[in-house]
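Laboratory data are not the source of any read-out in this text; all were calculated from the coordinates shown. The structure presented is a predicted model; accordingly, all values stated were derived computationally and were not measured. Cβ placement follows ideal geometry from the backbone for every residue including glycine, while neighbour counts extend to all protein chains displayed.
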Amino acid sequence: MAILGKIIKIYNETNQGDILIHLDETLFIGEGRNRKCYIHPNDTNLCIKIPTPRGERSANRERRYFKRLHLYSKNMEMISDYKGGVKTDLGNGDIFELIRDSDGNISKNLKYYLELDLDIINKQIIEQIELLRVYLKTEYILISDLGLDNILLQKDGNEKLRLRVIDGIGDNNQVPFLEFVKPLGLKRSAKKWELFKAVIAKISLDIAIKIKSFNT
């Protein structure tokens, strides 16, 4: 029955009905290489990502990966979770959690906080990155791009930061074999992690040298 419930949940994620959601520039958040992102007009704690023509393939790949994560009951606490597909007047989109601080503002990305270069924040950044490393290994969640813009730090009312990955999740191979061959998947993740550290080092070498290697 548990498996059946998961399958029904995944079906519902895929089939959101024929309701057409209107999106306009007042809801626009930002644009990446492959998608534009909008606040969901019916729930400000959600966002809708609309793939560009060049981004449709990667969006399909990510969509399938998130559905498998749900089927396997993966812990999604450090990821902006996928909530299903939706039809909009700008095309088909995907619904995700919209990460906000406790004051209601959309959380800022890792690059923003690195550039502040404040000791009290830098300590939290190192702690949160270590939690991410352990989390990705423990849950065996693959990463395709840990760009600094793909990671937000969610601030609570006590100025505590919580890291959330909002993009770059999954195996970017068209055939997702790494998902099923764990030693190879961990090896690929370790390479991606070193690239992540190298990008951080361009802003803060002190932080980068304190980040553990992925398979430590």
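Observations
- Cα-based helix-to-principal-axis angle, 119-139 vs the chain, degrees rounded to 10: 60
- Checking the cross-link pairs 36/212; 83/210; 108/197; 87/155; 108/212; 155/210 against a 28 Å limit on the alpha carbon distance flags 36/212; 83/210; 87/155 as lying beyond it.
- Relative contact order of segment 108-208: 30 percent, from C-alpha pairs under 8 Å at least 6 residues apart in sequence.
- Rounded to 10°, Cα long-axis angle of helix 56-71 versus longest principal axis of the chain: 80
- Seen from every direction in turn and averaged, the convex hull around the alpha carbons of the chain projects onto 12.9 nm².
- Cβ-defined net charge surrounding residue 149, 9 Å radius [Lys, Arg +1; Asp, Glu -1]: 0
- Mean-position separation - Cα centroids, segment 22-100 and segment 124-182, in angstrom: 17
- Taking a ≥ b ≥ c as the square roots of the eigenvalues of the Cα gyration tensor, segment 150-191 is classed as prolate, since a/c reaches at least 1.5 and a/b is larger than b/c.
- Within a straight-line Cα-Cα reach of under 18 Å, residue 67 can be paired with the following aspartates and glutamates, leaving aside sequence neighbours fewer than 8 residues apart in one chain: 13, 56, 77, 81, 94, 97, 139, 167, 171, 179.
- Packing-based ranking, highest mean first, of 101-113, 79-91 given that Cβ atoms within 10 Å are counted: 79-91, 101-113
- Axis angle, to the nearest 10 degrees, between helix 2-14 and the longest C-alpha principal axis of the chain: 80 degrees.
- For segment 108-208, alpha-carbon Rg and Dmax in angstrom: 14.1, 44
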